[in-house]
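Right, one structure below, let's go through it.
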């Protein structure tokens, strides 16, 4: 006998399951319990917990699963310790990559200083992006996109190494790459759109369509533009670390508005997920007419 507690037509009853139907019983299982005549199709009733009160709480560990997890934890711990011991034993036999000598390091620093000062000889017209290739042909199954986690591992890892190696000049390198890439892209867009507002909407659409961010101009004056990026691919969701990290996007916005305005533009990130905000916001200071920002102000962009 399978005794059940069920609800039908808004009323709670007791009964017994007999095949595809539930036979109603009078009384309760722990008192006088008599078979009734009413039958209800099982699919039309709502089965309830078979006790009062209806909340059932079961307490007790799954000893087999707990033991398996404990064994797995101990095995992993011993494996890590063993690898650590082996690494310490054989570390002296691993060839070390020599650090760049002083002459090479000086050349790298000088080159990045020129990038910060926007005196580098590479121009947007010379920036060849044809090596990107046809990703749709080459990645027919995977498509043109990669995970944000992989992208951040690449860009933030590079930024961390460059900063450790070269200080703020490493951040400025990302700024300069973003600026030049954006200037190249804007050159192609302006060949389609003469109107600057239409061109800005087009590049903003491209930024969103490519999963970089959701851009929005939140303020604009004669000498300053404030742009906010929501869901920024570099920073959205990162924990606060006390400083902005979106140097590539700073340079990107600088290059976009240099082409749109025909004036020098210096971008500063004033809000960032890495600062504890829930968006990234950039102040774009417009300088005099020209192709690039004023050299003396550019190091602050790092």
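Just so it is clear, none of the values below were taken in a lab; they were calculated from the coordinates. Being a predicted model, the structure only gives us computed values, none of them experimental. Neighbour counts are summed over all protein chains in view; Cβ atoms, including those assigned to glycine, are modelled from backbone coordinates with ideal geometry.
Give me the one-decimal nm value for the distance between modelled label points at residue 218 and residue 70, 7 Å along each residue's Cα-to-Cβ direction.
Result: 5.3 nm between the two label points.
Does region 153-198 come out rounded, prolate or oblate, given a ≥ b ≥ c as the square roots of the eigenvalues of its C-alpha gyration tensor, rounded meaning a/c under 1.5 and, failing that, prolate meaning a/b above b/c?
Taking the square roots of the gyration eigenvalues as a ≥ b ≥ c, region 153-198 is prolate.
Give me log10 I(q)/I(0) at q = 0.16, 0.21 Å⁻¹ for region 3-48, Debye formula, one equal scatterer per alpha-carbon, no solvent.
For region 3-48, the Cα-only Debye profile gives -0.34, -0.60.
Mind ordering 75-82, 279-286 by average Cβ neighbours within 10 Å, highest first?
279-286, 75-82
I need the calculated FRET efficiency for the pair residue 241 and residue 43, taking r as the beta carbon distance and R₀ as 51 Å, to the nearest 0.05.
The value I calculate is 0.35.
Rounded to the nearest Å, what's the spacing between the alpha carbon centres of region 190-212 and region 30-47? Just the number, please.
Each part's Cα centre sits 68 Å from the other's.
By how many nm would the segment from residue 1 to residue 192 lengthen if fully extended, with 0.36 nm per residue of separation less the alpha-carbon distance?
Gain on extension, residue 1 to residue 192, equals 60.8 nm.
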